[in-house]
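Here the structure comes first, spelled out in structure tokens, and everything after it is commentary.
Throughout, read-outs are computed from the coordinates displayed, never taken from laboratory work. It should be emphasised that the depicted structure is a prediction, and the values quoted were computed from it without experimental measurement. Neighbour counts run over all protein chains shown; Cβ positions are idealised from the backbone, glycine included.
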Amino acid sequence: MKRIIVTGFGRFPGAASNPSQDLVAALGRMRRPALDDVEIVTAVLPVTWAGGLPILRALIADHRPDAVVMFGLAGRSRTLRIETRAVNLGHGLRPDASRRVHSGTLEPGGPIARLWSTALSGLVNTNHIKATGHSVVINLPKTATKGEVTFEWKTPQWSNALERNRARTYFQAYACALGYDFIEKALAEVRAGHTKTWEKFTVPTDAVSCGFTEAVRGVLSHHMVIRDGKIANYHPYPPTPWNANPRDSFGTPGPYEDAVQGQPIFEENDREHFKGIDIMRTVRSFDPCLPCGVHMYLGGGKKLELLHSPTQSAGAE
């Protein structure tokens, strides 16, 4: 039986009543032959930064749905809209139902986001990876020099520099374990005689295209326009420009800036010898894919440090 979580939202400033709340209640009562093999779990989420997301996470962890459908109200929209993407930022323009305003990144990106979502979904269950609903268990087989080993990454209470670095370390084992799974599946296909690796295609005369994937540091997208059978415009959007983007026109800081705001400074150097190691550590926990130079300034345009880390590889984004 398929299981679908259907959610609506409660009231919020500017909307004394929210029709999505009534819609979800009606869907929960609906009985149709086409839905005989579908279990519908309904919930109404509060329109608050602190309340809605934890409830949704708990629903996903408890019910392990095949799909999540969320209905909401866009008061100024004249049409019904189907949204398949979301912007991972709070714009800080309007308060939520608790009168709280949120600016900055809502969910972390990169390895911590991938492990977190995998753990909560509970959908991954392979020979070497198992999502439990609250953790990811990673099993690496024995090798010629090492014995079998098991790791378990557990969802943390916070998202901070320490947890981002911890997730990056566990993700190495996660990627290795998935690699074993992919190799085993590929060998099974080859042994079955399925050796075809690509489909023949014809370049269209005119087209607009885009593709999305999860790169090491977060979402990577490619966008292309084809005219007269040739590339007229092409833009890749790798994760680091999103993470390192400056404060926007609404005053919303990028993830790096948001992470270092209010950063406790434990460095004991005086102003003349200040290195900014606490700030550097926080930014580097995002594993920025930047061209070598990281500059540190402290007022008056005085350059304190120039660090070179030529780690850009041929396979980088």
Original post:
At a Förster distance of 41 Å, what's the computed FRET efficiency of E148 paired with H223, Cβ-Cβ distance as r, to 0.05?
Top reply: 0.40
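Would you mind getting me the FRET efficiency between R99 and V38? Use the beta-carbon distance for r and R0 = 45 Å, nearest 0.05.
Values: r = 38 Å, r/R0 = 0.84.
Here the calculated transfer efficiency is 0.75.
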Subject >> Lysine-lysine proximity count for the range 113-244, Cα under 29 Å, sequence distance 8 or more or distinct chains >> reply: 13
Subject >> Cα-based Rg and Dmax for the range 198-295, where Dmax is the largest Cα-Cα distance (Å) >> reply: 19.9, 64
Original post:
In nm, to one decimal, how far is the E214 label point from the N127 one, both placed 7 Å along Cα→Cβ?
Top reply: 2.1 nm
Original post:
Where does the range 152-244 land on the Kirkwood hydrodynamic radius, alpha-carbon pairs, in angstrom?
Top reply: 17.3 Å
Original post:
Mind ordering 127-134, 15-22, 70-77 by average Cβ neighbours within 10 Å, highest first?
Top reply: 127-134, 15-22, 70-77
**OP:** Please work out whether the range 16-83 counts as rounded, prolate or oblate from its C-alpha gyration tensor, where a ≥ b ≥ c are the square roots of the eigenvalues and a/c under 1.5 means rounded, while otherwise a/b larger than b/c means prolate and anything else oblate?
**Re:** oblate
